[in-house]
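S.K.: The structure is given below, and queries will be raised subsequently.
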Amino acid sequence: MISNNNLSVLPWYSSIEQQNARRWWVYGRVYPLFTPAGFLMPFQVARPSSSSTIEVPGDEILDDYSEADSALAYLGGDQYEFQEREGCTAGKYDVQGLAKIYVENLPRAIEDIGEEDCNLLFVDQYDFVLTHYDLKKLIGTYNGVVEVPAGAIYAVVQSATDAFPDEWAKISKVATAQAPTPVESFQIFDKDGNLVGDFSDDVISGITVKALADYDVIVYPGSLPFAPSFDNGQYYAVMSDGTNTWYSEVFTVVNDISPYLKIEWWDNEDFVMDAGTIVYKNPTFHNIVYLDAEIAKPAYQFEEEVEDRDGYMFPVKQISEKRYRFSFLASEYLLDVLRFVRMADYVEITKNEKRYSVDSFLITPEWESNGDVAAVQAEFDTATVAKKIGVGYIKAQRGDFNDDFNPDYLINNN
């Protein structure tokens, strides 16, 4: 990787002092990187290869007990025991001697059903509940490692049949494997350094660490909201994998992103270059940037090929094209990544709910006198090309009886 050569819309640095506004010649000015409230811009961070031991599913534990019309449910109180309950299904798994189990596809409850309708229970040899996991109000499925309490003989999974699909939870022993070291923490601060919140649980679940030949790439596609909307303002994030800590560029949160121009671009395959790799597959990744810009003052390009016949010019091919334009201000880190738009397999621009599928894209930056921001002229082409081969004529109106390309027929008849 080459330093000072940004490959991500939201750049990350090894030190907070590397943020653009902290450079001595910028004097604290922050040029906005617009971000929808509740979201983060998609980003990628390269780091040296790092692996760690993780817990993964091992041998599957087979279901010992299941019935379509009854389940084991717990009773409240200081001591729990089982009773059958109509309208549920249950799975019972032998966990004797295990310290942990790996649970996959464990249903989580919907908000309007009782807390007993979706549970993971551990019971002892007397059918008393040792531990009860209440997964109410967590929609979807749970995947991960669960501690087995001492003395547990069985794990019981129960779920209401009318609330969840037929696919049942899978319970396995826990095995270990080597994998790229995951991200451990993710926090967001306002521009003055005050902690806004720890969003580790929300953001880390959307992060993939992809191991390449010589380094890893931390990839966050940013397709789903990670938090309730923030107030309009400027923020930055701090991310750590336990060894490395990275600081994001300052981004500007706006609660109404609709007035802004959106550019989205991506490739079919990972973009590998000497400067590094931009990951586009596994996971699927799209670059997105929002700009305060209006599409206006288009240019109209015209090309033609002509043939000279006895001093008269006859068009052989004519091409007319409308070229769209817009302008905006950008710092160096944003220009670094926008130069790849022209090279992308797919580019889409959206403004005022109008979407343009882009055929070509070009930016022309001109640095302002203070040197920390550029005025950028952007132009793009889309499906506005009109082409005509030759020029048609109507024989009855030729007015030329001797093929010398003069209107002498009409002249002689006047």
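Every number in this text was worked out from the coordinates using simple rules, so none of it is lab data. Values in this document were obtained by computation on a predicted structure and should not be read as measured data. Neighbour counts run over all protein chains shown; Cβ positions are idealised from the backbone, glycine included.
S.K.: Residue-wise, which Karplus ³J(HN,Hα) couplings in Hz belong to the stretch 358-368, taking 6.51 cos²θ - 1.76 cosθ + 1.60, θ = phi - 60°, and x for glycine or proline?
M.R.: My calculation for the stretch 358-368 gives 8, 8, 8, 9, 9, 10, 10, x, 10, 5, 6 Hz in order.
S.K.: Net charge near Y235, counting Lys/Arg +1 and Asp/Glu -1 over other residues with Cβ under 14 Å of its Cβ?
M.R.: On the way: positive: K191; negative: D190, D192, D198, D231, E249.
Charge balance in the 14 Å sphere: -4.
S.K.: At R0 = 30 Å, how high is the FRET efficiency between Y215 and W367 if r is their beta carbon distance? Nearest 0.05 is fine. All intermediate terms of the calculation are to be shown ahead of the outcome.
M.R.: On the way: r = 32 Å, r/R0 = 1.06.
Result of the calculation: an efficiency of 0.40.
S.K.: Sticking with this structure for a sec: Want the number for D292 to K388: 0.36 nm per residue separation, take away the alpha-carbon distance, what's left?
M.R.: 30.8 nm
S.K.: Set the Förster distance to 30 Å, then compute FRET efficiency between V56 and D190 from the Cβ-Cβ distance, nearest 0.05.
M.R.: Numbers: r = 38 Å, r/R0 = 1.27.
Computed FRET efficiency for V56 and D190 comes out at 0.20.
S.K.: Hey, another quick one. Which ³J(HN,Hα) values, rounded to whole Hz and listed in residue order, are derived for the stretch 20-27 from phi using the Karplus coefficients 6.51, -1.76 and 1.60 in 6.51 cos²θ - 1.76 cosθ + 1.60 with θ = phi - 60°, glycine and proline given as x?
M.R.: 4, 5, 8, 5, 5, 7, 8, 6
S.K.: I want the local charge near R23. Using Cβ-Cβ distances under 14 Å, sum +1 for each Lys or Arg and -1 for each Asp or Glu among the other residues. Display every interim value, and only then the final one.
M.R.: Details: positive: R22, R29; negative: E17, E249, E332, D372.
Around R23, the surrounding residues sum to -2.
S.K.: Could you derive backbone 3J(HN,Hα) for the stretch 248-260 from the dihedral phi with the Karplus parameters 6.51, -1.76 and 1.60 (θ = phi - 60°), listing whole Hz in sequence and x where the residue is Gly or Pro?
M.R.: Values per residue, Gly and Pro as x: 7, 5, 5, 10, 10, 7, 10, 7, 10, 8, 4, x, 8 Hz.
S.K.: Looking at the square roots a ≥ b ≥ c of the eigenvalues of the Cα gyration tensor of the stretch 203-290, which shape do they give, rounded for a/c under 1.5, prolate if a/b is larger than b/c, or oblate?
M.R.: Working: a/c = 2.08, a/b = 1.37, b/c = 1.51.
Here the stretch 203-290 falls in the oblate category.
S.K.: Next up: At L329 and R355, where each label point lies 7 Å from the Cα along Cα→Cβ, what is the point-to-point distance in nanometres?
M.R.: About 3.2 nm separates the two model spin labels.
S.K.: Under 30 Å from the Cα of K317, which lysines turn up, not counting those fewer than eight places away in the same chain?
M.R.: Within the straight-line limit of under 30 Å, K317 reaches these lysines: K297, K387, K388, K395.
S.K.: Using 0.36 nm per residue, how much length does the chain from A179 to E303 gain when fully extended, once their Cα-Cα distance is taken away?
M.R.: Working: separation 124, 0.36 × 124 = 44.64 nm, distance 5.63 nm.
Result: 39.0 nm gained on full extension.
S.K.: Putting +1 on Lys and Arg Cβ atoms and -1 on Asp and Glu Cβ atoms, find which of T208, S223, F189 reaches farthest to the positive end of the dipole of the stretch 186-229.
M.R.: Looking along the dipole axis, the top candidate is S223.
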